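Peer 1: What follows is a structure written as structure tokens; I'll ask about it next.
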């Protein structure tokens, strides 16, 4: 009987006291020990390091701290853990990552980018581009790949108005396709907080490449047959991506596809399409395309190689 | 039986302790700010940004701007301000050069048959942006930190703004190249008619135009009170950039001396159309007071 009484009392005590730790936990949430009184320390190299309360930001631009994105880039997040005197506090914070890990490690992974784009720098004819890029990351920052897109054209109001107002038929070519071999380099990496709630990571990449662009003349004389050109193309550009998860990013960029294209001669007395083609005028073209898409990394998961 | 009770007691205590421990170990950062001890660059500070600007995707003239933006930040997210930029000069676009190269140096001898403008007439008809300004409200949802080539680190924020856009255009002047019906009658009578465009400019393509404006910008902070400011500004403005007729409206006049009816093309506000007018601005933002506190 005595044993029964002890058991029942113990059960009662343990079950009714379940809410106490929860209440304590809520209290702890409201009053987290941020160890902000602890002064900044200095590492052996003399570089000031930040307090552990700096969850990825919060330092002057003048100081380089262990919690900055560079640390994130290097994956050195383990070195920013607090070293408080209070052992409880230390254990409490020991598994909180001061610097979030880099969300995506890209080395030895392939990236597939379906995208669409629009040409920016021609007032008379606009092209919508649909295409994709396939890349392989040799390191976490550099990739090589191949990309290409097809164009559909839209002549703008200005193309029509130029004929109406200045009585000039514009000399136009339409783009057909572009394909390039590309080298991309992630030059900048950072993170930002949205409403000081959600931290997102992002990067800026530079891009260069070599390829071809197909174009087709839009004859001023509608009776003439169009002809096509295939132009060696140099591509330079820059863009950004926002990392969503370990295999998906939102991707955007501006790329300039530079080429020497052939147009109808501005001498408007070509008797035939053949004569127009043989007298074609070459002109250097900057075809600037704004592209947006998503990039998907394969394999879709990876193992971190550094400690938390 | 006693062993069974002890076992049950042990399991009960163990389970309760584990669940309590799990509750206590719940996410301690839940509900906490993402960033603590950060420099508060914006709240209750006044910002002045002298800047240079350039138009983007203009049809006929690239416009360069000099001006400033003044803004007061109510808090971390909201601010209001006013910007004004003067255009000291502009240059031809590639399209303008291309059209010019095609046009004749002089008006055609029979402008009734071929009213192609001359190079000078075409350039004189263009309107030009002289002033860009307007009030706006700014929303700054995000701030962050970035590393450039893993070498240079700086803080930044990104903001969106919208408001009223005001653009003042300097009107083109086609009058040296056009005639009116009365002038034409006199010229016919005098035997000097010819080499004039038969255009009635009833309303010039200059003056103030109003429309919405919106954009996106970045501050790249150099220190607690200075930042490089890059901004893209879009305005939707109604204008007649070319200065010629667009909608085909015209007036018919009987010319007694010729015994026939002639028509004059009318250029007025009806020839305006809504156009995207875009600018890039690059400036140096200065925040006052210069001291920027840190958050908790």
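Just so it is clear, none of the values below were taken in a lab; they were calculated from the coordinates. These figures come from a predicted structure and were not determined experimentally. Please note: Cβ atoms are built from the backbone with ideal geometry, for glycine as well, and neighbour counts cover all protein chains shown.
Peer 1: Each label point is 7 Å from the Cα along the Cα-to-Cβ direction; what then is the distance between the points at residue A:301 and residue B:260, in nm?
Peer 2: According to this spin-label approximation, the distance is 8.5 nm.
Peer 1: Here's another thing I want to ask about it. Each label point is 7 Å from the Cα along the Cα-to-Cβ direction; what then is the distance between the points at residue B:288 and residue B:152, in nm?
Peer 2: Placing both labels 7 Å beyond Cα along the Cβ direction yields 2.8 nm.
Peer 1: Okay, moving on. Which angle between 0 and 90 degrees, to the nearest 10, do you get for helix B:2-24 versus the longest principal axis of chain B when only C-alpha atoms count?
Peer 2: Around 30 degrees separate the two axes.
Peer 1: If you count, for every residue in B:268-277, the Cβ atoms of partner chains within 10 Å of its Cβ, what is the mean? Kindly include the intermediate steps, with their values, before the conclusion.
Peer 2: Details: counts 0, 0, 0, 2, 0, 2, 0, 2, 0, 0.
So the per-residue partner count for this stretch is 1.
Peer 1: Of the peptides B:108-120, B:128-140, B:248-260, how do they stack up when ordered by the mean number of other Cβ atoms within 10 Å, highest first?
Peer 2: The densest-packed peptide leads the list: B:128-140, B:108-120, B:248-260.
Peer 1: Residues of the range B:129-171 with amide nitrogen under 15 Å from the 7 Å Cα-to-Cβ point of residue B:66?
Peer 2: The answer is B:130-132, whose backbone nitrogens lie closer than 15 Å to the label point.
Peer 1: Per residue of chain B, what 222 nm ellipticity follows from adding -39500 (n - 2.57) for every DSSP H run with n ≥ 4, rounded to the nearest 500? Let's see the in-between values first.
Peer 2: Values: 4 runs with 49 residues, N = 296.
Computed ellipticity for chain B at 222 nm equals -5000 deg cm²/dmol.
Peer 1: How much length is gained on full extension from residue B:296 to residue B:92, taking 0.36 nm per residue of separation minus their Cα-Cα distance?
Peer 2: Difference between extended and current length: 68.1 nm.
Peer 1: Mind jotting down the distance between the C-alpha centroids of the range B:250-292 and the range A:162-197, whole Å?
Peer 2: Going from one Cα centre to the other spans 27 Å.
Peer 1: Based on alpha-carbon atoms only, what is the radius of gyration of the range B:200-278 relative to the globular estimate 2.2 N^0.38 Å?
Peer 2: Taking N as the residue count of the range B:200-278, the ratio is 1.91.
Peer 1: Quick one: go through the range B:114-157 and flag any residue whose amide nitrogen is under 19 Å from the point 7 Å out along the Cα-to-Cβ line of residue A:195.
Peer 2: Residues B:138-144, B:157 fall inside that zone.
Peer 1: Could I ask something else about it? Residues of B:88-97, mean number of Cβ from any other protein chain within 10 Å of their own Cβ, rounded to a whole number?
Peer 2: Going residue by residue through B:88-97 and averaging, the value is 2.
Peer 1: Report the residues of the range B:64-87 in range of a label on residue B:139: point 7 Å along Cα→C-beta, backbone N strictly under 13 Å from it.
Peer 2: So the set is B:77-79.
Peer 1: Within a 10 angstrom radius of each residue's Cβ in A:151-163, how many Cβ atoms of other chains show up on average? Whole number is fine.
Peer 2: Mean shielding count: 2.
Peer 1: On a C-alpha basis, how far is the centre of the range B:119-136 from the centre of the range A:112-161 in Å? Whole number, if you could?
Peer 2: Distance between centres, Cα-based: 32 Å.
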